[in-house]
Amino acid sequence: MFKRPVELFKNFFSGDIEKKSISLTDPLALNLFGAFPTVAGPSINAATALRVPAVYSAIVLISGTIGSLPAKIFVAEADGGKRTAKDHAAYRLVHDEANEWTSAGQLRATLTADALLHDHGYALAIRVGAGKPQEFIRLDPRTVAIKTNELTGEPVYVRRVGTREWTYDFRDVLHVSSPLSLAPIKAGREAIALATILERHASQLFAGGAKPSALFYNDNKKGSEDSARGPTVIAKIKAAYRAATSSGSFTEPMVLDDGWKYEQIALTSADAQFAEMRVEQVNEIARVFRVPPHLLFELSRATWSNAEEMFQSFLTLTLRSWLDEWEWAYARVLLTPEERKTHYVEFVIDDLMTANSATRATTYQQYRAMGVLTANEVRAGLNREPHADGNVLASPFTTPAPHAGSNDNAKPAKEAA
């Protein structure tokens, strides 16, 4: 009956499982089943975290952006330039489609979301013929465990579904990880839990037409004779109040007798700061995902002057590490060690740089004017094919120097005589 939980524990603990004892209420046991208890109360997992708008927006932003950026295989030229290696067998898997029903971009978005929610994202490389990669098939990250070959130190991927188990070589698994191999929803589960409580509080606060609870009280001194019917009177008052406010506002007049009075409870100072607390939780979640807050639509501190720079920081501080992770993951599976000396995978980020294209164009122009870059080096930075005349280092913006010995101020020969 308890065979399956024991098998689950074997994936997380080394050695003889029979010698270990752990309570099912222990936090380690809860982690095995994808539940992460918090001080605030709610347990955070992939499903509950996605219900928080800021978390959902951050995951869609990161995974969607990585999925929308085109990736290509390039080959380095002897002259320092590069060209697209469209003739490589794996180019289609990187640029076009991962399999017949999944585009290359969609697979990247899905595996990135897996890593953001479950620490890691995996896809199995299906090979045909002489080891030629044919397609990628996504693996459920909850069924895969990473182990280490004790002899070589190489990672080994063990996939378990029910009672069946498969072992894959690291060259056959496209693997991307969250920073530190820790999903942001786990690293920031307390912040996400607090945001969940604030969301719940907002729903409860405004469930009755955005009106706080009312207070009914009676200053009269009731004797023992009246106290017996007190619960009945209170029940009638509550029923009348619900009927009067059933549409979200007072639609029927209420008449109170026997000294009963009505008072509407005003918002407390904590309620007045409720909006500020929700904004701060958006900022806290943005920190966990390393995303500028304005990209999660928290625009209180964004201006037209700094929004462009913050978008640049999104590329540099958020996406760059993910793109590097993806480029190496592709190279490890699709390129042999010999091919990696001349071939490499790179993302085309021109679309992300559009907002800052004027600054980039000015920078390239200054480098060309200083004679630091050739035209082909600039074209390589723009992901353009090299030009036949693009290897000249001389600046095209300067006028050629006059020939040696010429003197524009010299007099004509006849006058000099």
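The values are calculated or read from the model by the stated rules, or taken from the named source; none is laboratory data. All values reported here derive from a predicted model rather than from experimental measurement. Using ideal geometry, Cβ is built from the backbone for each residue, glycine included, and neighbour counts are taken over all protein chains shown.
Brief remarks on what is shown
- Members of the range 301-349 that are modelled with pLDDT of 90 or more, touching a helix residue (DSSP H, G or I) at 6+ places or on another chain (Cβ under 8 Å) and assigned to a helix (DSSP H, G or I): THR318, LEU319, SER321, TRP322, LEU323, TRP326, TYR330, ALA331, ARG332, VAL333, LEU334, ARG340
- Single unsatisfied condition, ARG368 versus (1) surrounded by fewer than 14 Cβ atoms within 10 Å (Cβ to Cβ); (2) part of a helix (DSSP H, G or I); (3) not aromatic (Phe, Trp, Tyr): (1)
- Scanning the range 359-378 finds no residues that are within 25 Å of the chain's Cα centre (by Cα) and either under 21 Å from ILE73 (Cβ atoms) or of a type outside the set (Val, Ile, Thr) (or both).
- Selection status of ILE137, in a strand (DSSP E or B), on the phi < 0 side of the Ramachandran plot, in contact with a Pro (Cβ under 7 Å, 6 or more places away or on another chain) and aliphatic (A, V, I, L, M): no
- The number of residues in the range 109-132 that are outside any loop (DSSP other than H, G, I, E, B) and closer than 15 Å to HIS175 by Cβ comes to 14.
- Residues that are touching a Phe, Trp or Tyr at 6+ places or on another chain (Cβ under 9 Å) and at pLDDT 90 or above within the range 68-82 comprise LEU69, PRO70, ALA71, LYS72, ILE73, PHE74, VAL75, ALA76, listed in sequence order.
This table checks each residue for (1) of a type in the set (Phe, Trp, Tyr); (2) outside any helix (DSSP H, G or I); (3) modelled with pLDDT of 95 or more.
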position	(1), (2), (3)
TYR56	yes, no, yes
GLY64	no, no, yes
LYS86	no, yes, no
LEU93	no, no, yes
ALA98	no, yes, yes
LEU107	no, no, yes
